[in-house]
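Enquirer: Quick one: the structure is below, and I'll ask about it shortly.
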Amino acid sequence: MTTLSLDNIIESMESRYEASRPRSAELEIVARRMIPGGTTRSILSFAPFPFRVERAFGSRLLDVDGHELVDFCGDYTAGLLGHNPEVVRDAIRGALERGWALGATHALEIDAAQLVCERFPSIKSVRFTNSGTEANLLAIGTAVHHTGRNTVVAFRGGFHGSVLDFDANAGRERFDLKVPHKFIVSDFNDIDGIRKAFASNSVGCVIVEPMQGAGGCVPATSDFLQVIRNLCDDAGAVLIFDEVMTSRLHPGGLQCQFGVVPDLTTLGKYLAGGLSFGAFGGRSELMAHFNNREGEQLRHSGTFNNNIFTMAAIIAVLRDYLTGDALLSNSDRGNRLREELQRELASHSLPMSVTGMGSMLHVHAADKRWVHWLFHFLLADGHYISPRGFVGLSFVVSDNDCAELVSSVREWASRAAEMWHTVQLGMSQ
Ligand code: PMP
């Protein structure tokens with residue numbers, strides 16, 4: 001009976017949502033005729049259907065049904081600069097005058113590479129891709145080629161792209177989209193587990209996020225990362241840090257904060273100010289496999305790898321905008337927001353937690369319905385966090401926006417607490 005009540009609340013939230021978004025509802029029906037799932041980016045879909053955005057500016061999204069939302073999702077970290085940032089618009093305007101799909105080399109990719117190498121000390125040389133997924137595929141391929149060993153260690157809950165998804169909650173033993181490397185999946189932050197993986201396998205490389213992002217903003221412990229580093233050194237295996245998300249948490253990436261240096265690093269998301277982007281780079285001897293002058297055999301071509309728009313955007317973002325201080329102060333704001341949200345949930349004794357580091361945080365509950373309810377409650381109040389509870393705080397979301405989010409969560413928590421006590425009462429009877 002108590003379970004029904006929570007379901008009832010969610011049902012009524014969803015009906016309210018549905019009634020306030022007739023245009024999005026219509027578009028969902030049309031979309032599903034041509035696009036299985038209704039959107040070509042699965043993560044964006046939620047029940048009963050996602051709102052469709054008409055336009056976005058700064059920290060705001062305006063949906064086709066006329067609702068203005070404060071964007072706390074921040075395009076899952078890619079939107080660090082907010083919507084339509086001037087710095088990226090200027091870069092694109094400049095590119096418009098010069099042409100953008102050249103089928104030839106140009107100087108912008110050199111400047112972009114230089115800025116990336118300067119920013120991330122472990123990256124001695126770098127190559128660009130169109131997405132974080134590609135960057136990870138290429139980093140793994142490089143490691144397998146270098147070591148001659150195809151065993152790849154990844155971690156439960158890790159996400160490195162749809163073809164490299166190790167989501168613990170997916171409940172899928174069979175996952176046919178995954179690229180066919182020989183994967184050993186070990187538990188995140190489990191030092192004994194990773195030792196065992198190395199003891200019984202000839203490991204070619206390890207791919208790990210210093211903080212799992214899509215897996216729920218779960219930071220690695222520095223001991224765990226250090227043990228992996230040592231195991232890789234002893235075995236001659238390649239250590240890949242996927243910093244597609246986490247590189248925004250510290251000026252030199254989270255690797256600098258942890259003080260553990262990987263052999264290869266992958267990047268993506270925010271660095272091109274919201275344009276399609278990925279990169280992988282690291283130790284010279286690994287990257288030298290792409291050096292075609294020296295008879296090396298790895299070829300990495302991609303039509304859009306050195307696309308002018310993307311290159312111009314990276315240069316503008318890294319050179320003119322994204323200072324180390326700006327990143328650190330946004331991380332401080334994120335830490336404060338996480339602590340405040342955690343305090344609100346804890347003060348109502350809700351069985352929920354908020355994890356994360358800096359500008360990335362995630363609200364958890366063992367029963368996902370609580371997060372779904374919170375998500376819809378916040379949406380009705382004009383705050384868009386991700387449907388699964390992720391917040392990627394961007395520069396343009398103001399302190400006042402954060403304070404309003406905290407106060408909405410406070411209001412929700414007091415309602416949720418009533419429900420939670422009823423549930424508990426029901427269980428103890
Ligand atoms: N690595 C991590 C840690 C990610 O979070 C993601 C995307 N969420 C990717 C890789 C894949 O990047 P992209 O979506 O650009 O392919």
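The values are calculated or read from the model by the stated rules, or taken from the named source; none is laboratory data. Predicted model only: the values in this text are computed from it and were never measured. Cβ placement follows ideal geometry from the backbone for every residue including glycine, while neighbour counts extend to all protein chains displayed. What goes into the accessible areas is simple: the full protein's heavy atoms, side chains included, and nothing from ligands, DNA or RNA. Shrake-Rupley method; radii C 1.70, N 1.55, O 1.52, S 1.80 Å.
Enquirer: Regarding region 100-174, what's the average projected area of the Cα-atom convex hull, expressed in nm²?
Expert: Dividing the Cα hull surface by four gives the mean projection, 7.5 nm².
Enquirer: Can you give the accessible area of HIS362, probe radius 1.4 Å, in Å² rounded to 10?
Expert: HIS362 exposes around 20 Å² with every protein chain in place.
Enquirer: Treating only the Cβ atoms of Lys and Arg (+1) and Asp and Glu (-1) as charged, compute the dipole magnitude of region 86-322 about its Cα centre; round to the nearest 20 debye.
Expert: On the way: 21 positive and 25 negative charges, 59 e Å.
For region 86-322, the charge dipole is close to 280 debye.
Enquirer: Give me the number: length gained by fully extending ASN400 to ASN8, i.e. 0.36 nm times residue separation minus the C-alpha to C-alpha distance, one decimal in nm.
Expert: That pair, ASN400 and ASN8, stretches by 137.9 nm at full extension.
Enquirer: While we're here: List the relative contact order of the chain as a percent without decimals, with contacts defined as Cα pairs under 8 Å and 6+ residues apart.
Expert: Numbers: 769 pairs, mean separation 91.7, N = 429.
Relative contact order for the chain comes out at 21 percent.
Enquirer: Any aspartates and glutamates with Cα under 17 Å of the LYS196 Cα? List them, leaving off those in the same chain fewer than 8 positions away.
Expert: Cα-Cα hits under 17 Å: ASP187, ASP223, ASP233, ASP234.
Enquirer: Over region 86-322, with a single point scatterer placed on each C-alpha, what log10 of the ratio I(q)/I(0) does the Debye formula yield at q = 0.12 1/Å?
Expert: -0.65
Enquirer: In addition: What figure in square angstrom, to the nearest 10, would you give for the accessible area of ILE110 with a 1.4 Å probe?
Expert: 110
Enquirer: If you take every DSSP beta bridge fully contained in the chain, what fraction is antiparallel? Give it as a percent rounded to 5.
Expert: Taking every DSSP beta bridge with both residues in the chain, the antiparallel ones total about 65 percent.
Enquirer: Put ARG98, ARG248 in order of accessible area, largest first, 1.4 Å probe: what do you get?
Expert: From most exposed to least exposed: ARG98, ARG248.
Enquirer: Under a straight-distance cross-link criterion of Cα-Cα below 15 Å, which aspartates and glutamates are reachable from LYS182, leaving out those fewer than 8 residues away in the same chain?
Expert: Within reach: ASP165, GLU173.
Enquirer: Further, regarding this structure: What residues of region 398-416 lie in the reach of a label at GLU68, counting those whose backbone N is under 17 Å from a point 7 Å from the Cα along Cα→Cβ?
Expert: Inside the label zone: 398-405.
Enquirer: Let me ask something additional. In Å, what Kirkwood hydrodynamic radius results for region 1-134 from the alpha-carbon pair distances? Walk me through the intermediate numbers first.
Expert: Numbers: mean 1/r = 0.0528 Å⁻¹.
One decimal place: 18.9 Å for the Kirkwood radius.
Enquirer: Here's another thing I want to ask about it. Hey, what number do you get for the chain at 222 nm if only DSSP H runs of n ≥ 4 count, each worth -39500 (n - 2.57), divided across all residues, to the nearest 500?
Expert: Value at 222 nm, helices only: -14000 deg cm²/dmol.
Enquirer: Something else about it: Among LEU137, VAL238, ILE191, which residue has its Cα furthest toward the positive end of the charge dipole of region 86-322, with +1 on Lys/Arg Cβ and -1 on Asp/Glu Cβ?
Expert: Farthest along the dipole direction, towards plus: LEU137.
Enquirer: For region 86-322, what does the relative contact order come out to in percent, with C-alpha contacts under 8 Å and a separation of six or more?
Expert: 30
Enquirer: Specify which residue in the list GLN114, TRP420, TRP100 is farthest towards the positive end of the charge dipole of the chain, using unit charges on the beta carbon of Lys, Arg (+1) and Asp, Glu (-1), about the Cα centre.
Expert: Sorting the options by dipole projection puts first TRP100.
Enquirer: Assigning unit charges at the beta carbon (Lys, Arg +1; Asp, Glu -1) and nothing else, what dipole magnitude in debye, to the nearest 20, does region 1-131 show about its Cα centre?
Expert: I would put it at about 420 debye.
Enquirer: For the chain, what value does the Rg/Rh ratio take when both radii are computed over Cα atoms and Rh is the Kirkwood radius, given to two decimals? Provide the component values of the computation, followed by the final result.
Expert: Details: Rg = 22.3 Å, Rh = 22.8 Å.
Result: Rg/Rh = 0.98.
Enquirer: Run the simple label-point estimate for ARG319 and HIS421 please: 7 Å along Cα→C-beta, distance reported in nm.
Expert: 6.1
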